[in-house]
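Asker: What follows is a single structure, and I will ask about it in a moment.
The values are calculated or read from the model by the stated rules, or taken from the named source; none is laboratory data. Fair warning: this is a prediction, and the values are worked out from it, not measured in the lab. Neighbour counts are summed over all protein chains in view; Cβ atoms, including those assigned to glycine, are modelled from backbone coordinates with ideal geometry. Side chains are part of the model used for accessible areas, which takes the heavy atoms of the whole protein and leaves out ligands, DNA and RNA. Shrake-Rupley method; radii C 1.70, N 1.55, O 1.52, S 1.80 Å.
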Amino acid sequence: MPNSSRHRASRDGFRPIRVSIEFFPPKTEEMEKILWSSIERLAPLQPKFVSVTYGAGGSTRERTHNTVARMVRETSLKPAAHLTCVNATREEIDAVVQSYWDAGVRHIVALRGDPAEGVGHTYRPHPGGYAQTCDLVAGIKRIGDFKVSVSAYPEKHPEAASLDADIDALKAKVDAGADQAITQFFFDNEIYLRYLEKVRAAGIEIPIIPGILPVQNFKQAASFARRTGASVPYWLAARFEGLDNDVETRRLVAAAVAAEQVLDLVDEGVEDFHFYSMNRSDLVYAICHLLGLRSQAPAKPAAKPEAKAA
């Protein structure tokens, strides 16, 4: 459990932190309204970047591209587009990468991706595609001077043979040109801190940004955690006990829990955080406020960058 007394004693003022925020592309007109309302709400916090996910098997490819391209056109946000290896040839993926460059995107989150059949099914590389994330990273870097983020798993990827093998996979991504890693969400900070020690001992020096999941609904979060290999500590379940039908109290508890987790990591020297927003702004905004972030000038259209890859 985060040590709240320690961070209260050590914080005589807000420490500078940087946040990034993840969204997913909308499937319906109503979801699109919710997404852009959330973006409008969170943009004045001036996140370091915002990422937009990519569905299993590339199922949201067009919607991801449209969402990211609109961010470039209409806001000053710096979008990062997710891209996966699955269900596409190298030529098809390279064309997507080039289209992002042409749209003004300069940051890609490179992932192996889940099989089109979904989590739990065996991953099979496309015979004409990029086999693993490290290959995809190298391919992206060949096309343009993109910043490339990759994933990291403090409790290891569910398909990895061991944590050490998983760290070896991360090192391969770094050797291919990855600039930073964003972790799968976790709730016990000691898991992240122990993982960071192992990563550094393996000679990996890129930033390892902790992924934070504000708990909108505990049962859903616990189910999601089981599918992704993330553990759920007993104290977290206790925090939400009896609140299944009490939405307002649940939101207050969720904001307090996530802020407490982040504040404890700040005391450990962590300055960058990646929030999995689930396209909802209220919790993320409240947490950022508790962390000392305040709204700045409204987002304005960014200057259009050069049109060709380097």
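Asker: Which ones in region 144-181 are outside any helix (DSSP H, G or I), over 11 Å from Ile206 (Cβ atoms), modelled with pLDDT of 95 or more and among the aliphatic types (A, V, I, L, M)?
Answerer: The answer is Ala176, and nothing else.
Asker: Right, next: Could you tell me how many of the residues in region 182-225 are of a type in the set (Ser, Thr, Tyr), in contact with a helix residue (DSSP H, G or I) (Cβ under 7 Å, 6 or more places away or on another chain) and surrounded by fewer than 17 Cβ atoms within 10 Å (Cβ to Cβ)?
Answerer: Final tally of qualifying residues: 0.
Asker: Would you pick out the residues in region 283-303 that are closer than 20 Å to Ile34 by Cα and either buried (at least 16 other Cβ atoms within 10 Å of the Cβ) or modelled with pLDDT of 90 or more (or both)?
Answerer: Those that are closer than 20 Å to Ile34 by Cα and either buried (at least 16 other Cβ atoms within 10 Å of the Cβ) or modelled with pLDDT of 90 or more (or both): Leu283, Val284, Tyr285, Ala286, Ile287, Cys288, Ala299.
Asker: For region 226-262, name all the residues that are within 29 Å of Asp114 (Cα to Cα), in contact (Cβ under 8 Å) with a residue 60 or more places away in the chain and open to solvent by less than 40 Å² (accessible area, probe 1.4 Å).
Answerer: Thr228, Gly229, Ala230, Pro233, Gln261, Val262
Asker: Still on this structure, I have one more. Need the failing condition index for Asp94 against (1) modelled with pLDDT of 95 or more; (2) closer than 16 Å to Arg61 by Cα; (3) under 21 Å from the mean Cα position of the chain (by Cα), just the number.
Answerer: So Asp94 meets the others, but not (3).
Asker: Testing Thr249 on (1) under 21 Å from Pro207 (Cα atoms); (2) assigned to a helix (DSSP H, G or I), one condition comes back false. Which one is that?
Answerer: Among (1) under 21 Å from Pro207 (Cα atoms); (2) assigned to a helix (DSSP H, G or I), the lone unmet condition for Thr249 is (1).
Asker: Right, another one. Determine if region 116-136 includes at least one residue that is under 30 Å from Asp188 (Cα atoms), open to solvent by less than 40 Å² (accessible area, probe 1.4 Å) and at pLDDT below 90.
Answerer: yes
Asker: Follow-up. Go through region 1-49 and report how many residues are modelled with pLDDT under 60, assigned to a loop (DSSP other than H, G, I, E, B) and open to solvent by 80 Å² or more (accessible area, probe 1.4 Å).
Answerer: So the answer is 2.
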